[in-house]
């Protein structure tokens, strides 16, 4: 999912002047529809006649609303080694559908709608922009895994906060979020987080800003298993990261690149998370809870009758009883009194549930301690990032 897109749209050259210090500039007060109350002065000088003058004017960030969410907007009137430009930034999926639990990754659709919102809000200002030379400054890609057991999800996120490898360092993390990479990096950074808490926290802010329909939608989505189970792995990519890989950053060229090359998003995302995922190989997480063991066995081996719809737990109960027998009798003794075929089948089934062999070998000593392989939680299905009934949202403005 394309969870954020930031575009820099330069002014046409006829609206740009060069100052004495070789800095390019666009006079803010000459721009149409610039709200003077939204200007701040960098320097205030006292004139000989007692009056004051303000120079180095700057605009503050504004939010341009759609019917679902807002888009950040700011004029950067001075540019060193670049022309002055307008920046627009938002979550395209929030802009079009009101939530970012899941959604599309079509950058063309995202950019066209963001530009359309800008053009419709400030048509005179937009006529002064060199849209053809729009640059992509940064974008976020998010892919998710679903971890239905709340204890396992919390355990997994706690574990992620301590992952570090190579140049990928863990950053400031919070209860439901793990961060990697420098905050002010110009390359790439990563985070993993539980989605449900972020969604719940966003509802009051949506209502405060008047997006009540989006708030109602998010409230409904919070009741779904998808939201409750979702753990998002999000990578941010900056212009310099793309340039080092000979990937174009000019919007029109990047769109062509994305539409002609294969698996660009997935390859970028995998590369960004490579050090983190490599560090997880062979790592384990420990939890003390027999109920959780039963839940893992149940999730893996219960069956549902096609004819009656009834749930069968015959194999679940047998494997859990086998697990309890290992705890009671010990791994070595139970193996000695069990046929080799039954033993191998049951042990393999328990390992398939995510219980490591070393855990089974030490169950008696550890009194039920369960060790899970971390890698089992990061098996991301890139083809199933949305529910089967997901539909692409409509554009903001009719063609």
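Details
- Sub-7 Å Cβ pairs linking a first residue in the stretch 301-321 that is not assigned by TED's automatic domain parsing to the domain that holds residue 343 and modelled with pLDDT of 90 or more to a second residue that is exposed (fewer than 10 other Cβ atoms within 10 Å of the Cβ) and assigned to a loop (DSSP other than H, G, I, E, B), at least 6 apart or interchain, number zero.
- Residue within the stretch 152-171 that is part of a helix (DSSP H, G or I) and at pLDDT 90 or above present: no
- When residue 193 is tested against (1) surrounded by 13 or more Cβ atoms within 10 Å (Cβ to Cβ); (2) part of a helix (DSSP H, G or I); (3) in contact (Cβ under 8 Å) with a residue 24 or more places away in the chain, only condition (2) is not met.
- Of 67, 137, 144, 63, all but one fail to be part of a loop (DSSP other than H, G, I, E, B) and modelled with pLDDT of 85 or more; the exception is 67.
- Scanning the stretch 372-380 turns up one or more residues that are assigned to a loop (DSSP other than H, G, I, E, B), at pLDDT below 90 and either in contact with a strand residue (DSSP E or B) (Cβ under 6 Å, 6 or more places away or on another chain) or farther than 15 Å from residue 155 by Cβ (or both).
- Being under 39 Å from the mean Cα position of the chain (by Cα) and in a helix (DSSP H, G or I) is a description that applies to residue 350.
- Qualifying positions in the stretch 228-241 - surrounded by fewer than 21 Cβ atoms within 10 Å (Cβ to Cβ) and assigned to a helix (DSSP H, G or I): 228, 229, 239, 240
- Meets criteria (part of a helix (DSSP H, G or I) and surrounded by 13 or more Cβ atoms within 10 Å (Cβ to Cβ)) for residue 317: yes
- Residue that is at pLDDT 90 or above and surrounded by 16 or more Cβ atoms within 10 Å (Cβ to Cβ), where the choices are 275, 362, 346, 270: 346
- Those residues of the stretch 1-26 which are modelled with pLDDT under 80 and assigned to a strand (DSSP E or B), in sequence order: 17, 18, 24, 25
- Being out of contact with any strand residue (DSSP E or B) (no Cβ under 9 Å at 6 or more places or on another chain) and either surrounded by 21 or more Cβ atoms within 10 Å (Cβ to Cβ) or within 16 Å of residue 265 (Cα to Cα) (or both) is a condition met by at least one residue of the stretch 211-220.
The values are calculated or read from the model by the stated rules, or taken from the named source; none is laboratory data. Everything numeric in this text was worked out from a predicted model, so none of it was measured. Every residue, glycine as well, gets a Cβ built from its backbone with ideal geometry; the counts of neighbours run over all protein chains shown.
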